[in-house]
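The values are calculated or read from the model by the stated rules, or taken from the named source; none is laboratory data. Keep in mind the model is a prediction, meaning the values are calculated, not measured. So basically every Cβ, Gly included, is an ideal-geometry build from the backbone, and we count neighbours across all protein chains shown.
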Ligand SMILES: [Zn+2]
């Protein structure tokens, strides 16, 4: 299941969340649904070839949004 990073347009809170089909994410701070979807900065450009994230070590919640880290 994909994890995306969002920034709230109302209070500028940044957070990562699982996004399911027909599930609208909301800000954990102000519950606004006015969200900017972010692209992980470290997913762009050259990185370490060992991990899908391009950054080691991978966190339990991968910031790359690929969800492939640590699961195998
Ligand atoms: Zn907010």
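Quick check: is even one residue across segment 26-37 more than 9 Å from the ligand (Cβ to nearest atom), surrounded by 14 or more Cβ atoms within 10 Å (Cβ to Cβ) and at pLDDT below 95? Scanning segment 26-37, I find no residue that is more than 9 Å from the ligand (Cβ to nearest atom), surrounded by 14 or more Cβ atoms within 10 Å (Cβ to Cβ) and at pLDDT below 95, so the answer is no. Residues of segment 1-23 that are outside any loop (DSSP other than H, G, I, E, B) and within 12 Å of the ligand (Cβ to nearest atom): 6, 7, 8, 14, 15.
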